[in-house]
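Reviewing the structure listed below.
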Amino acid sequence: MKGWFEWAYRDMLSFFPENVSTFGAQLDGLFSFVYWISVLIFLLTYFLLIAFIIKYRAQPNRKSYHFHGSNIVEFTWTILPTFLFVGIGLFSEDAWTKTKYQMKVPKPDVEVDVMAYQFGWQIRYPGPDGIFGKKDRNQMSKMNLFGLDSNDVNGKDDIIIENAQLHLPINKNVVVNLSTADVLHSFFLPNFRVKQDALPGKWIKVWFNGTKAGKYEIACAELCGSNHYAMRGEIFMYSQQDYDKWLDGKNKTMLELQQKMKAEQEAATAATTSDSTATTQGS
Amino acid sequence: MASTHQHDDAHDHQKDYIKVIMWLLIFTALTVAAALDWIPASWGDYGNKLHIGIGLLIAFAKAAMVVYIFMHIKFDQKFIRLFIGIPLFLFSVMVFAFTALESFY
Amino acid sequence: MSGLSLSHEPVSGVAHGKLAMWAFLASEIMFFSGFFGAFIVLRNSNLDVFSASAAELNKWLALVNTIVLIGSSLTMALSILQLQKGNVKLFRLFMGLTILCGLIFLVVKTVEYSGKFHHVLDEHEIMHLRNGVPPNPDALLPGINPSTNVFFAFYFLMTGFHAIHVIAGLIPMVFMFVKSFTKGGYNHPVKVESLGLYWHFVDLVWIFLFPILYLIFPAH
Amino acid sequence: MSATSAVANNHHDVHSHSHDHHGHDHHELSFIQKYIFSTDHKVIARQFMFSALFFLFVGGFFALLIRWQLAYPGKAIPIIGNLLPATWVTDGVVQASFYTQLLTMHGSVMIFLVIIPLAVGMFGNFCIPLMLGTDDMALPKLNMFSFWLMPPAAMITMGGFWFPDGMAAAGWTSYPPLAVINGPGQTCWLIGVFLIGFSSIMGGVNYITTILNKRTPGMTLFRMPLTVWALFITAMLIVLGTPVLAAALSMQFFDQFLGSSFFIPDNLVTTKKFVGGGQAVLFQHLFWFYSHPAVYIMILTPMGIVSDVLATFARKPLYGYKAMIFALMAIAFLGFIVWGHHMFQSGMNPLLGTTFMLSTIVIAVPSAIKIFNWLGTIWRGNIHFTAASMNALAFIATFIIGGLSGVFMASAPIDIYIHDTYFIVAHIHYVLFGGALFGIFAGIYYWFPKMFGKMLNENMGRKHFYWSFIFFNLTFFPMHILGVGGHMRRIYDPYIYDFLKPFQPMNEFITIAAGLLGFSQLILVVNILWTIKFGKKAPDNPWNANTLEWSAPTPPPHGNFTEDIRVYRGPYEYSMPGAKEDYAPQTKQDIPSEVEGEIVDESMFKAH
C-alpha cells in the first residue's frame, strides 16, 4: 500500500533508470522534448474539451449554433500539426542515424560478439591473440553456438563466457556484434538506452560508450519462449585499469588452459603414433 | 439487366476474344522461346536481367490483354479500374520496401 | 414487385454480384502480392538454389497447362456471351469445354506433383539444391517437397494455392453446367459473369506463375 | 433485376413471397432460419454482438490471470487457482509456459474475436443497410457465412487447448522462428486466424458492394453519415490488407506443418531441422503490412460512431464533415505505408527506419484533425449527457492520450528505449480499449433502442461508464510509467531484474484496478440482459436524430422500412435557424419552420 502512491507525485521522466551511456542523454532529451510537447497539447485539448463540456452542457433554452465548419480553420489545423510533427521527425533523425546506421558505427575500441540463445547470452572475446576466430555457420551446434571454425587457429584461444556476463571498460567505444542461434531475441541494456533485436543468420553491430563504472543488467525484450523473462544477463563496467586486469586474468587462464590442452594433446598424439607404429610393425 | 449494351455488340466481343487468344498464344510461344538457351553466357548478369525483363514484360502484356478484354475493363464503368489499380499500387509499395530490406547487410 | 422498392437497382450501374467479385479480386490480388513480394526477396538472396531448382521443373508440362488455361479463359468468355444472348445450348457447350480445360489443368498438375514426390534426391542434387544439407527424414511429404528448399516451398505454395483456386472455380461451374440440363435451365448471366471474372483472374495468376517459376531462370 | 440482388423483401404482402428462396419472409421462417442461420443483417449484427461480448470476457479473464502473475508472482491465484488444469498451473501458480499462452490468446482474442467483430461485424451489419435506407446487405447469404465462419474459427484459434503443448504461445504477432518451432497449438492458431481473416474479407466485400450499390435515392456519397463512411473505408482496409496477412499465415503454416523455410535462415540451432534460406524479418513485414492497417480497422468505425453520437447529442452539425472524411481517407492511405514503425528495432535496414519514421509521424496529422473537429462539434453546442454521449466524449479524452503516446514511438530513436516495454502496452490499450472500446460502447448505448426495441437503463449505463472510465485510466495510465522505467512486455516474472523490483507496488495497483475494470463490464451485461427482459419500450426516434435508421420502425422489421424513403439532405442538420424543431431527418422534405409561412433556405441544408 505504501509504495502505491509514491509515483503519483513524481515526474514521469524521473522513472528512467540511470543513464550511463554517451548517447543516452540525447535519447532521454528527445523523449523529454516530445514529452513536454505532448503535455502541452494534452493540456490545450483537455482544457478545451472540459471547458466545452461544462460551458455547453444542455440547457433548456439554448439552441446550438448551426455551423458546418470553415475551410480556413481546417486548413490551419492541418498545416500547424504537420509542421510540428514533421519537425519532431526531422529533429529525431540525427539520433537515429547516430545510434543505428551500420556505416556510422564508430571505430571500435573494444569489440565483442554476443550470441543470444534460448534462454541466455553467450559472449565472446578475442582472447590473448586479440583476433576473433572465423565463424562458419555450418558448424553451429548446441555445443558451438558461435559456429567457431575448427580449422582456424585464431579461434582456438577465443574466450567464450557462458554465464551472460559482459565485462567492458568505460569511456571506450564498444561494438557488440549481435546475432542469435535460434529464435528472435532483443538485446536490451536499459541503462545504456540500447535495444536491438538479434536476427538469426545476421550479425548486427550495436555500439555504445559507457560513462560510469558499475554493475548493470542485460534483458531480453523480444518474446522468445516460456523462459523469455529469465534471460537476465549482467554487464560490468570497469575503469580501463580494472578492465585490463580482468582481461589479463582471463587471457592468462586461457593461455594456461591452452598449454595444458596442448600438452595433453601431444601426449595423446605421442601415444597414438607409438600405437600406430606398433600396428604397422605388426602387420 | 446488367448488360443491355452487350447484347448489341456481342459479335464484336467474339471477334475481340478470338484476336486476344491469338495474341496470347503468340506471346506464350515467344516467352517460351525467350526462355531457351540463346543468350550467350558471356553477357553474364546482364543476360539474366534481360531474361527476366523479357519474361515479365510478356507476362504483363498478356495480363493486360486478359484484364482489358476478357475481364471487360475496357467496356465497364471506369471506377472498376480502381479495384485493380489500388492493389497494384500497394504491391509496388510492398516490393519497394521489401527490396530495400536486402540492400543493407 | 409491388409495394416497396427498397431493394434498389444497383446505384453504381454494376450488378451486386459483379461488384462484389471485383472487390474480392482486389483482395485476391493482395493475397498473391504477398507471395510475389516474398518471392522477390528470397529469390534475390538464394539465386543459386533458385536457378538449380527451377531447372528441375518440367516447363513443357507447364506450357501445356498455360495453353489449356488460356483456352479455358476464351471458352469462359464465350459462354458468358452465349448466355447473355440467351443461347443456352452454346452456353452449355462452352461451359463444358471450360470445365474440361480446368480438369485437364488439374490432371497435368497432379502428374507434375507426383513426379516431384517420386523424385528422390541424389548426392549431386543434395549439393546443389540443399547446399549439402541431407533431406529431412521427418518431412511430411516424400521426394521433392516444400521442405526441400525455398524455391520448392514457393513452387508448392504458389501452384498449390493456384490449384485450390482452380478447384474452387470448378465447383460452381459444374453446378451451373448441370443446372443447365434441368428443366428450368440456367439463366443467371450475372452469376456466370462474376464467375468468369474469377476464372480470368485464376488465368492471370498463372500467366505470372509460368514465367517466374518455370522460365526466367537460365537453364545452365 | 440481377439474380444476386433479388433479395425481394416485400413487407406488406407477406404470403406472396414464400416460394422465393432469396427472400426471407419472417412469418414463414422456422426458429433456426430466423435466429440462427438468418440472412437478416440485424440478426447477424446481434449475433456478432453477443459472440464478441462473450469473447470479451474470455479475453478479459486471460488478462486478469496475466495481471495476477505480474502483481503477485509465485502466489496462488485466489479461488480458481486450484481448479485450473495442472498443465496451466502448479499449486495454483501460473506456469511460465502458460503465461506466454495467456498473453498470446489475450491479444488474439481481443483483436480478432472482440474488437474487429464488434466494430466491423456488428456495427457494419446493423448500420450500413439502415443508414443507407435499404432493406438488407447486397449479398445477404455471404453475410450469413461471414458470421458463421467465426465460431469454428474461434474454436480452432484456441484449439491448442486440446494438445499437451497448449495453445499458441508466440504472441499475437506470431513471429517466426519462435512460432515455427512451437507445437500444434500454433498450427491451430494459424488456421483459425486465416479463417477469421476470410470471414472479415467476405464481410468487407459485402460492405463495399452495399455502400456502392444500395443507397436509397438521394443518398449521395457525401450525404452518408460518418459511421458509414468509416465502415466503407474500413472495408477497403480489410479487403486490401487482410489477404496479405493470409499470405503470411499460409507461408508460416508451410514452415510449421510442411517443414519449408520461408522464414527460417540457415543452421538454426533448434530441435526441428530446416534447410534454411529464408528470412525472419520477411514475416514481420508481411504481418505488419496487414496489422498496421488492422489498427485502423479497429479504430475508424468507432471514430465514425463518435462523430454521429456527438453531433446528435450536441444538437449541432458535425464540424467539418468533408474534412473528417478526407482525414479518414488519409489515415487509411497512410496506414498502408507506415507498417515499418513496428519494426524499428527488428534489424531491418535503418534507412527504412528513417522513411517509416517520417510517414508514421505524418499520420498524427489526420488524427489531430479529427480531434479538433470533434472539439469544434461540441463548441457552441447544447450537449445532452447520456451514457452514449459520455462514452463518446471519453473516446476523445482517451484517444488524445493514446495519440500523443503514439508520437513517442513514431520517433525512431525514442522507440529504441520504449520499444517492447509497457509504454507500448499502455499506448495500444489507450487506443484500442480507451479508443475503440469506448467508441463501441457509445455505439451500443446509442443504437441499442433501435436494435432491440428497448431503452437501456440509463442509470446502469452511466454507472458502467463512470466505473469503466475511472478504472480504465487507473489501469493503463501507470503502464506508461512502467514503460519509462524499462519494464519489458510479455515477461513472466519482472522481479528477477533489479531495476524492475521497485515497480512491484505499481503492478499490484494496476492489477487491482484491472480487476475492478473487468468487474465493471459486468454492469453492461446485466444492463443488456435486464433491458431485453424488462426494459422500457423504445420510441422510433428516442434521440431525435436525423439519420435514416431512426425513420424505420423500432425494432425494424424484415426489410427495415415500411415506406419508400428518399433522402433530401446531409445527416447532420441539427438546430437549423428558423426551423421549429432542432433536428431535420434526412427523409423529411419540408422542415416545419418556427414562423408560419417562412421559407427555409434550401441551400442551408446542403452539407458544404
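The values are calculated or read from the model by the stated rules, or taken from the named source; none is laboratory data. Since the structure is predicted, the reported quantities are computational estimates derived from the model, not experimental observations. Counting neighbours? That spans all protein chains shown, and the Cβs are built from the backbone with ideal geometry, glycine included. Quick note on the areas: whole protein, heavy atoms, side chains included, nothing else; ligands and nucleic acids left out. Shrake-Rupley method; radii C 1.70, N 1.55, O 1.52, S 1.80 Å.
What do you reckon, is D:Gly183 open to solvent by 10 Å² or more (accessible area, probe 1.4 Å) and either in contact with an Asp or Glu (Cβ under 7 Å, 6 or more places away or on another chain) or under 26 Å from D:Val425 (Cα atoms) (or both)? Walk me through it before giving the result.
Details: open to solvent by 10 Å² or more (accessible area, probe 1.4 Å): yes; either in contact with an Asp or Glu (Cβ under 7 Å, 6 or more places away or on another chain) or under 26 Å from D:Val425 (Cα atoms) (or both): yes.
The answer is yes for D:Gly183.
Rundown of residues vs (1) in a loop (DSSP other than H, G, I, E, B); (2) open to solvent by 10 Å² or more (accessible area, probe 1.4 Å), yes/no style:
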{"site": "A:Phe146", "(1), (2)": "yes, no"}
{"site": "A:His167", "(1), (2)": "no, yes"}
{"site": "A:Ser186", "(1), (2)": "no, no"}
{"site": "A:Asp197", "(1), (2)": "no, no"}
{"site": "A:Lys212", "(1), (2)": "yes, yes"}
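Can you tell which of D:His480, D:His427, D:His464 is in contact (Cβ under 8 Å) with a residue 12 or more places away in the chain, open to solvent by less than 10 Å² (accessible area, probe 1.4 Å) and farther than 21 Å from D:His384 by Cβ? D:His480 is the lone residue from the list that is in contact (Cβ under 8 Å) with a residue 12 or more places away in the chain, open to solvent by less than 10 Å² (accessible area, probe 1.4 Å) and farther than 21 Å from D:His384 by Cβ.
Rundown of residues vs (1) within 14 Å of chain C (Cβ to nearest Cβ); (2) surrounded by 24 or more Cβ atoms within 10 Å (Cβ to Cβ); (3) outside any loop (DSSP other than H, G, I, E, B), yes/no style:
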{"residue": "D:Cys188", "(1), (2), (3)": "no, no, yes"}
{"residue": "D:Gly192", "(1), (2), (3)": "no, yes, yes"}
{"residue": "D:Ser200", "(1), (2), (3)": "yes, yes, yes"}
{"residue": "D:Val205", "(1), (2), (3)": "yes, yes, yes"}
{"residue": "D:Leu212", "(1), (2), (3)": "yes, no, yes"}
{"residue": "D:Gly218", "(1), (2), (3)": "yes, no, no"}
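Of all residues assigned to the stretch D:562-575, none qualifies as being open to solvent by 30 Å² or more (accessible area, probe 1.4 Å), within 14 Å of chain A (Cβ to nearest Cβ) and in contact with a strand residue (DSSP E or B) (Cβ under 6 Å, 6 or more places away or on another chain). If A:Tyr56 satisfies all but one of (1) modelled with pLDDT of 90 or more; (2) more than 30 Å from A:Leu247 (Cα to Cα); (3) touching a Ser or Thr at 6+ places or on another chain (Cβ under 7 Å), what's the number of the condition it fails? Exception for A:Tyr56: condition (3). The residue pairs whose first member lies in the stretch A:224-246 and is closer than 18 Å to A:Ala213 by Cβ and small (Gly, Ala, Ser), whose second member is open to solvent by 50 Å² or more (accessible area, probe 1.4 Å) and not in a helix (DSSP H, G or I), and whose beta carbons are closer than 6 Å, counting only pairs six or more residues apart or on different chains, are A:Ser239/A:Ala213.
If you check D:Val114, D:Val89 for being crowded, with 24+ Cβ neighbours inside 10 Å and of a type outside the set (Phe, Trp, Tyr), only one passes: D:Val114. Just one of the listed residues (B:His72, B:His51) is surrounded by 16 or more Cβ atoms within 10 Å (Cβ to Cβ) and under 18 Å from C:Trp199 (Cβ atoms), and it is B:His72. For the structure I just gave you, tell me whether D:Val58 is surrounded by fewer than 16 Cβ atoms within 10 Å (Cβ to Cβ) and either of a type in the set (A, V, I, L, M) or modelled with pLDDT under 95 (or both). Judged against the criteria, D:Val58 is not a match. Within the stretch C:53-75, the set of residues being farther than 15 Å from B:Leu24 by Cα and open to solvent by 30 Å² or more (accessible area, probe 1.4 Å) comprises C:Ala55, C:Glu56, C:Asn58, C:Lys59, C:Trp60, C:Leu61. A single member of D:Ile331, D:Ile401 is in contact with a Pro (Cβ under 7 Å, 6 or more places away or on another chain) and of a type outside the set (D, E, K, R), and it is D:Ile331.
Residues that are surrounded by fewer than 20 Cβ atoms within 10 Å (Cβ to Cβ) and closer than 21 Å to D:Tyr175 by Cβ within the stretch A:214-231 comprise A:Ser226, A:Asn227, A:Ala230, listed in sequence order. Here C:Phe91 clears all of (1) over 22 Å from C:Leu195 (Cβ atoms); (2) open to solvent by less than 10 Å² (accessible area, probe 1.4 Å) except the condition numbered (1).
In the stretch A:199-208, the qualifying residues are those that are surrounded by fewer than 24 Cβ atoms within 10 Å (Cβ to Cβ) and more than 16 Å from D:Tyr417 (Cα to Cα), and the one that is farthest from the other protein chains (Cβ to nearest Cβ) is A:Lys205. Provide a single number: the residues in the stretch D:476-535 that are closer than 22 Å to D:Tyr99 by Cα, in contact with a His (Cβ under 7 Å, 6 or more places away or on another chain) and among the β-branched types (Val, Ile, Thr). Counting residues in the stretch D:476-535 that are closer than 22 Å to D:Tyr99 by Cα, in contact with a His (Cβ under 7 Å, 6 or more places away or on another chain) and among the β-branched types (Val, Ile, Thr) gives 1.
Please indicate, with yes or no, whether at least one residue in the stretch A:173-183 is under 23 Å from A:Lys252 (Cβ atoms), open to solvent by less than 60 Å² (accessible area, probe 1.4 Å) and modelled with pLDDT of 90 or more. The answer is yes, given that some residue of the stretch A:173-183 is under 23 Å from A:Lys252 (Cβ atoms), open to solvent by less than 60 Å² (accessible area, probe 1.4 Å) and modelled with pLDDT of 90 or more. Among the residues of the stretch D:146-175, those that are at pLDDT 90 or above, crowded, with 19+ Cβ neighbours inside 10 Å and outside any loop (DSSP other than H, G, I, E, B) comprise D:Ser146, D:Phe147, D:Met150, D:Ala153, D:Ala154, D:Ile156, D:Thr157. Tell me, which residue of the stretch C:125-140 that is touching a helix residue (DSSP H, G or I) at 6+ places or on another chain (Cβ under 6 Å) and facing chain D (nearest Cβ under 10 Å) is nearest to C:Phe36 (Cα to Cα)? Applying the filter and picking the extreme gives C:Leu129.
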